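The next block holds one structure in the form of C-alpha cells; read it before the comments.
The values are calculated or read from the model by the stated rules, or taken from the named source; none is laboratory data. A quick note: this is a predicted structure, and the numbers were derived from the prediction, not measured. Every residue, glycine among them, receives a Cβ derived from its backbone with ideal geometry; neighbour counts consider all protein chains shown.
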Amino acid sequence: MSLLTGPMRHHLDGHKDLTLTKPVLKTIDPDVVWIPLTNGNAPCKAVVNIGDEVKIGTKIAERNDRFFLPLFSPVSGTVTAIEKFMTSGMTQAEHLRIQNDHKNTTVRAFEPFDYEKASWEEVLDFVKNAGMLGLGGAGFPTYVKYLKPENVDLFIVNAVECEPYLTADYKNIEENISLLKTGTLALFKLSKAAKGCVAIKEDKVDQIAALKETFAGTPIEVRTVPNLYPMGWERTLVFQLTGKRYGMLPIEAGCILNNASTAIALGNAIDNGMPITHKYVTVSGDAIKNPQNVLVPIGTKAHEIIDACGGFVENMEDVLLVAGGPMMGKAIPNDQFVIAPQNNGLTVLKNIKNEEVKCLRCGRCTETCPSGLQPVRINFAQKRMDLEELETLSVNDCIECGMCTYICPSKIEVTEGVRRAKRFLRAKAAPGGKK
Amino acid sequence: MKYTYKPSPNYRQKQSTISIMRDLTVCLLSIVLFATVYNAIRYGFATGMRVILMTAAAVITALVTEAAYFKVTGAKDIVTEVRHSFGWVTAIIMVLITRLDVSIYAIVISTVICIIFGKLVFGGFGQNIFNPAAFGEAIIMNSFAASKAANITADVYSGATPMTAMNSYGWVMENSVFEEFIQQFGGLGNMMIGNYPTVIGASCAILIIICGAYMMWKKDIDWHLTVTYILSIFCISLVVGLIHGEGLWFAIFNLITGGVLFCGIFMMTDPVTTPITIPGRMIFAFGAAALTLIIRWKANLPDGALYSVLLMNMLTPAIDKMIKGNQIKEAKQIRNEVIIAGVVCTLVAILVGAFLEGKTPVVASSSAPASALSSEDFSSTNVSCTDQGNGVYACSAKGFEGVNEATVTIENGAVKSIEVTAFNDTPGVGDMATAEGELARYAGATTSSAIDSTSGASFTSTSLRAMVYEALTMAGE
Ligand code: SF4
Ligand code: SF4
C-alpha cells in the first residue's frame, strides 16, 4: 500500500446482493448430524459412548492437548456411531454420528454468568469452558489469544467479511446484535485493551448505523474499512486501523482480534447459557438455484443444505462445491462433508475452464499480494527447482489468500505454484530431505 | 452431478491477457489508421495505402512464421498457440516505428528474424529478453538502410525529421533560432497533432497519449514505468535546457519527438521484457530516460528511445534480482535502491546535457556580423557550377531540405545578377531568401564581400551564397 509496493489489496466483485436481503432459512433439521471430532489438526476425544442419549447443549467431546476445547451436541437424540470421512478442510477425521429425535430437548450448558461483575480470570475460564473458537475460519480456541494480554492498544471485532459471496456474518449480526454487544464487551474486558472497535466495510451502511446505535455509550467504536480484499485478514486489517505491521502475532502491534460471529457466540453463552450448536452459513454462487443464508446445526451434511436451497440450477453437470468463500475455501470433490463450527459458507460455482496462457510477467500478482511477495518469481523459481532463489523470496509469508491467482490475467494457478514452493522448501528443510 | 476439485481460489477477475492484447491491438490499429489517413492526405492515396500494406505484410509474416515454428516444433493445437503468442502485436509495433520508405521486402525479412530470433528461440511469448519490436526495428535500421522503396523516397522523405534537423544544430540554440527552426514543422502545436514527418506511428502525440491513458485506465498497462520515464525525460531536459538558457521548448521538444511517447507507452510497457515489480520498473524507467537522452544528444542517433529499451532490456534480470524477499519487510532498502538509481541516472544525463555544444550548420543568426564569402565553409552544401560561357554559370547547392538551383552571371570578377531556377526548400520559409529584393543584395559581390543571411531562411541563403562563391571562384580561374 505504497507507491512502490503497489496496492497490496484489490476490490473484488462480491456478489453479496445474491443473499444479503433474503431471509435466513431456519427449517433445516437433519435426521442425522455428524460432529467432526477434530479441531485444527488435533483430534478431539468423544466423552459420550455409542448408545448415549444427548440433548442440545450436552458436552460430547473435547480437545485436550496443548489447548482445551469442549464440543457440544447441536441436536437431541442418540449417539449411534463414529465414522471416518473427509472434512470441509479436506482431511480425514472421525465424526460422531447423532441420530436426531427432532424433539429439540435442550439442556442449559452454562450457569448464568455476569461478565461485568466477574473477575478477569473468571471471564477467561468461562470463554475456555464455553468452547469458544474462531468462527471466521481459523477454528482456533479463543481463550488462548487472551492468556497474556499485555500492552494491548486496540481490541478489534472483525465484521469485515471480505470473502466474495459470503454474508453469513452480516446476517448473524443483523439478527443477534444484542448478543454481539454482550460478547464484544466481555472480550473487550478480557483483552484489557485501551480501546475497542468493531470493523466493518464502509458499504454496509444500514448495519453501520445499527452498530453505532448498539454500541453508543460503550467504549467500543464502529470503524469502517474500504471494500477491498483481503481486508478481513488480520494483518491487512491491523494495518488499515493502526498503520502498523507486525512479525508473527497481532499482539506485537498491540492488537487482539476476534471474529464477529465468535463474539455473538460468546454473547449467546453468557446471556442464554448455550454453546455453539448452530451456524449461519451462506449458500451462494452461480450454480445454486436459490442462494440464501441458512441456520443449520453443526454437523449437517452439505448435500442436505444444497437440497434445501433448491439444488443446482438447470442443466448443471459439473460444479465446484467450495467450503467457504471462493478465494480461500477449498473445492471439495463430494457433497458428503459436514458443516464444522468454523465453516461459514458453501459456494457453488459452475466449473468453467479458464483459458490459460503463458505468464506475461505483468507483475499484477506482485502488486496485489497482501504479503508483499512476488508470486510470479516464486512460481518460476519453483519450476526451475531453484532452491537458492526460493530462499530469498520469503515464500513462507504467503497466507494462501488466493489473490495472485484471482488477479492473474493469464489465468495461471499462481497460488497453487506458491503452495508447491512451500512444500518443496519444507521437503528440503526436513531432516533426511535431499539438499 | 460431478464435483470437481480445483485448488483455491476458484474465483477469477474478468481481465485476461487476451483482453489486454485485444485493447493493445485496437490502440495500435487506431494509430495505423491515423498514419494511413495522414499520409494519404499529405502525400496522396497511394502513400497512405502503403501504411496498410506494410502493416498487413508484417502481421501476415508474423502469423505465418509463428505457425510454421509451432508446426515444426510439433505443437498440437497450432491455432491456439499462435493466438496465445500475440505475434501480431510485435509486428504492428515494428511497422509503426519504421519509416514509411522502408521496402516491403525489408519489413518481411525483419519480421521473420525478430519473431524467430527475438522471441521464439527464447522460448516464445513471456520468455524473450529483448523487446521483439525494438529488436526488429534495429535490424531494419542496421541491415536495410539502403533498401528503400524507390517510388516513395522522393516525395515523402526528402526532408529531415525534427530529430535529424535538431541534431545538425547540436541540440542547443538560441531561443529565437528555435522559433525559426520549429517553423519548418509548423510549430510545436502542429507537431502535437502529428503533422510532421517522422516514423510511421510516432507522430501524433495526442493520439498516443489518449491510447496510453485508455490502457492505463483499463489497467492493461502499468502506469509506473511510463509515467516515470516521461517525467524523467521532461525533468532532465528541462534542467539541461535551463543550463543552456533555453526555454520550455527544449523539454517539450525532447519529449514529443524521437518516439519518446510511443516508446514509453507502447514499448516500455511490454511487461515481458521489463522488470516485474513496481520499484524495478521505476529503476528501468530512470535508466531508459537517461539513456534515451544521452544517445540522442551524444551519439547523434535520433532513435535514442529505441536503443535505450534494448539496453535496459539486458538489465532487466539484474534489476529483478535486486528486489528480494518480502516487499513489506524490505521496504526501506527497496526505496533506497529506487532513489539511488533515480538520482544517479538523472545526474549523469544532466551532466552529459550540460556539456552539449551548439553547432552552427549555417550562419545561424543575422545578429552575428557576416564574414567574407571566402572565409565561409560551404562544403556541406555540395555546391557545383557549370560554366555556360559569357560569364553565365548554372549552379546547384543543398539548402534546407532540397537542392536549389540558380544561374549566376559574373562580370568583371563581380556578380552581375543571380536568378533562382529551382527552389526546393520549405515554401513560405526558405523562399524569403529568394525574393527579388533579397537577391538584389548579391549584385556587385566579390569573394571578399560579406552577405547577411535572410532572417528566417538561413539554409536557403547559405545555398545561394555557396553558389555565388562557387561561380566567382570558377570565373577567377
Ligand atoms: S496467495 Fe500467497 S503469494 Fe498469492 S497473493 Fe496471497 S499471500 Fe501473496
Ligand atoms: S499475474 Fe500472472 S501473468 Fe502476471 S506476472 Fe503474475 S503470474 Fe505472471
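Any chance you could count how many residues in segment A:364-382 are closer than 15 Å to A:LEU4 by Cβ and within 7 Å of ligand 1 (Cβ to nearest atom)?
3
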**Prompt:** Are any residues in segment A:6-29 buried (at least 21 other Cβ atoms within 10 Å of the Cβ) and in a loop (DSSP other than H, G, I, E, B), and if so, which ones?
**Reply:** A:MET8, A:ARG9, A:LEU12, A:THR19
**Asked** Can we say B:ILE276 is within 16 Å of ligand 1 (Cβ to nearest atom), within 12 Å of chain A (Cβ to nearest Cβ) and closer than 22 Å to B:GLN127 by Cβ?
**Response** yes
**Selection count where residues are within 22 Å of B:LEU248 (Cβ to Cβ), aliphatic (A, V, I, L, M) and touching a residue at least 24 places away in the same chain (Cβ under 8 Å), scope segment B:185-226** = 7
**Request:** Would you point out which residue out of A:THR277, A:THR242, A:THR224 is of a type in the set (Ser, Thr, Tyr) and either crowded, with 22+ Cβ neighbours inside 10 Å or under 22 Å from A:GLN342 (Cα atoms) (or both)?
**Result:** A:THR277
**Fill in**
Counting only strands (runs of 3 or more DSSP E) wholly inside segment B:374-477, the ones holding at least 2 residues that are touching a Phe, Trp or Tyr at 6+ places or on another chain (Cβ under 7 Å) are B:384-387, B:403-411, B:414-422
**Message:** Exactly one of these conditions fails for A:SER394: (1) more than 14 Å from ligand 2 (Cβ to nearest atom); (2) among the hydroxyl-bearing types (Ser, Thr, Tyr); (3) in contact with a Cys (Cβ under 6 Å, 6 or more places away or on another chain). Give me its number.
**Reply:** (3)
**Prompt:** Could you list, in sequence order, the residues of segment B:1-37 that are more than 16 Å from ligand 1 (Cβ to nearest atom) and closer than 19 Å to A:ALA323 by Cβ?
**Reply:** B:MET1, B:LYS2, B:TYR3, B:THR4, B:TYR5
**Item:** Selection from segment B:325-342 of residues that are surrounded by fewer than 17 Cβ atoms within 10 Å (Cβ to Cβ) and facing another protein chain (nearest Cβ under 9 Å)
**Value:** B:LYS329, B:ALA331, B:ARG335
**Residue among B:VAL72, B:VAL37, B:VAL79 that alone is surrounded by fewer than 14 Cβ atoms within 10 Å (Cβ to Cβ) and under 22 Å from B:GLY212 (Cβ atoms)** = B:VAL37
**Message:** I'd like the full set of residues that are under 23 Å from B:ASN254 (Cβ atoms) and assigned to a loop (DSSP other than H, G, I, E, B), limited to segment B:296-340.
**Reply:** B:ALA299, B:ASN300, B:LEU301, B:PRO302, B:ASP303
**Message:** Given the criterion assigned to a helix (DSSP H, G or I), more than 7 Å from chain B (Cβ to nearest Cβ) and free of Cβ contacts under 8 Å to residues at least 24 places away in the same chain, identify the matching residue among A:GLU388, A:GLU416.
**Reply:** A:GLU388
**Request:** Take A:LEU346 and decide whether it is within 16 Å of ligand 1 (Cβ to nearest atom) and either crowded, with 23+ Cβ neighbours inside 10 Å or among the hydrophobic types (A, V, I, L, M, F, W, C) (or both).
**Result:** no
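Here's the yes/no breakdown for (1) in contact with a strand residue (DSSP E or B) (Cβ under 8 Å, 6 or more places away or on another chain); (2) without any contact (Cβ under 8 Å) to a residue 40 or more places away in the chain; (3) within 14 Å of chain A (Cβ to nearest Cβ):
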{"site": "B:SER16", "(1), (2), (3)": "no, yes, yes"}
{"site": "B:ASP23", "(1), (2), (3)": "no, no, yes"}
{"site": "B:VAL32", "(1), (2), (3)": "no, no, no"}
{"site": "B:MET49", "(1), (2), (3)": "no, yes, no"}
{"site": "B:ILE52", "(1), (2), (3)": "no, yes, no"}
{"site": "B:THR55", "(1), (2), (3)": "no, no, no"}
**Request:** Working only within segment B:206-241, note down all residues that are hydroxyl-bearing (Ser, Thr, Tyr) and closer than 17 Å to B:LEU255 by Cα.
**Result:** B:THR226, B:THR228, B:TYR229, B:SER232, B:SER237
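Does B:GLY258 qualify as being assigned by TED's automatic domain parsing to the domain that holds B:CYS345, crowded, with 22+ Cβ neighbours inside 10 Å and assigned to a helix (DSSP H, G or I)?
It is false that B:GLY258 is assigned by TED's automatic domain parsing to the domain that holds B:CYS345, crowded, with 22+ Cβ neighbours inside 10 Å and assigned to a helix (DSSP H, G or I).
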**Message:** I need the full set of residues from segment B:403-432 which are crowded, with 19+ Cβ neighbours inside 10 Å and farther than 20 Å from B:ALA457 by Cβ, in order please.
**Reply:** B:ILE410
**Failed item, numbered, when A:VAL75 is tested on (1) over 16 Å from A:HIS278 (Cα atoms); (2) among the aliphatic types (A, V, I, L, M); (3) crowded, with 19+ Cβ neighbours inside 10 Å; (4) at pLDDT 90 or above** = (1)
**Item:** Test set (1) of a type in the set (A, V, I, L, M); (2) more than 30 Å from B:MET1 (Cα to Cα); (3) within 16 Å of ligand 1 (Cβ to nearest atom) - A:VAL414 fails condition number
**Value:** (2)
**Asked** Of the residues in segment A:383-409, how many are more than 10 Å from ligand 1 (Cβ to nearest atom) and buried (at least 24 other Cβ atoms within 10 Å of the Cβ)?
**Response** 1
**Hits in segment B:243-292 (condition: at positive phi and over 21 Å from the mean Cα position of the chain (by Cα))** = B:GLY245
**Item:** Matching residues in segment A:82-107 - criterion: being touching a residue at least 24 places away in the same chain (Cβ under 8 Å) and surrounded by fewer than 14 Cβ atoms within 10 Å (Cβ to Cβ)
**Value:** A:GLU83, A:MET90, A:THR91, A:HIS102, A:LYS103, A:ASN104
**Prompt:** Quick one: would you say B:TYR3 is of a type in the set (Phe, Trp, Tyr), under 21 Å from A:CYS362 (Cβ atoms), over 25 Å from the mean Cα position of the chain (by Cα) and facing chain A (nearest Cβ under 9 Å)?
**Reply:** no
**Fill in**
Taking segment B:74-96 and keeping only residues that are assigned to a helix (DSSP H, G or I), more than 23 Å from B:MET54 (Cα to Cα) and of a type outside the set (A, V, I, L, M, F, W, C), one is left with B:THR80, B:GLU81
**Message:** Can you name every one of the strands (runs of 3 or more DSSP E) wholly within segment A:283-358 that holds 1 or more residues which are within 23 Å of the chain's Cα centre (by Cα) and away from chain B (no Cβ under 13 Å)?
**Reply:** A:292-297
**Prompt:** Which of the residues that make up segment A:359-385 are more than 7 Å from chain B (Cβ to nearest Cβ) and away from ligand 2 (no atom under 11 Å from the Cβ)?
**Reply:** A:PRO370, A:ALA381, A:GLN382, A:LYS383, A:ARG384, A:MET385
**Asked** For segment A:397-413, does any single residue satisfy the condition of being away from ligand 2 (no atom under 13 Å from the Cβ), facing chain B (nearest Cβ under 10 Å) and in a helix (DSSP H, G or I)?
**Response** yes
**Fill in**
Given the conditions (1) part of a loop (DSSP other than H, G, I, E, B); (2) acidic (Asp, Glu); (3) more than 19 Å from the chain's Cα centre (by Cα), every one holds for A:GLU161 apart from (3)
**Message:** Given the condition crowded, with 20+ Cβ neighbours inside 10 Å, of a type in the set (Gly, Ala, Ser) and free of Cβ contacts under 8 Å to residues at least 24 places away in the same chain, answer yes or no: does some residue in segment B:3-13 qualify?
**Reply:** yes
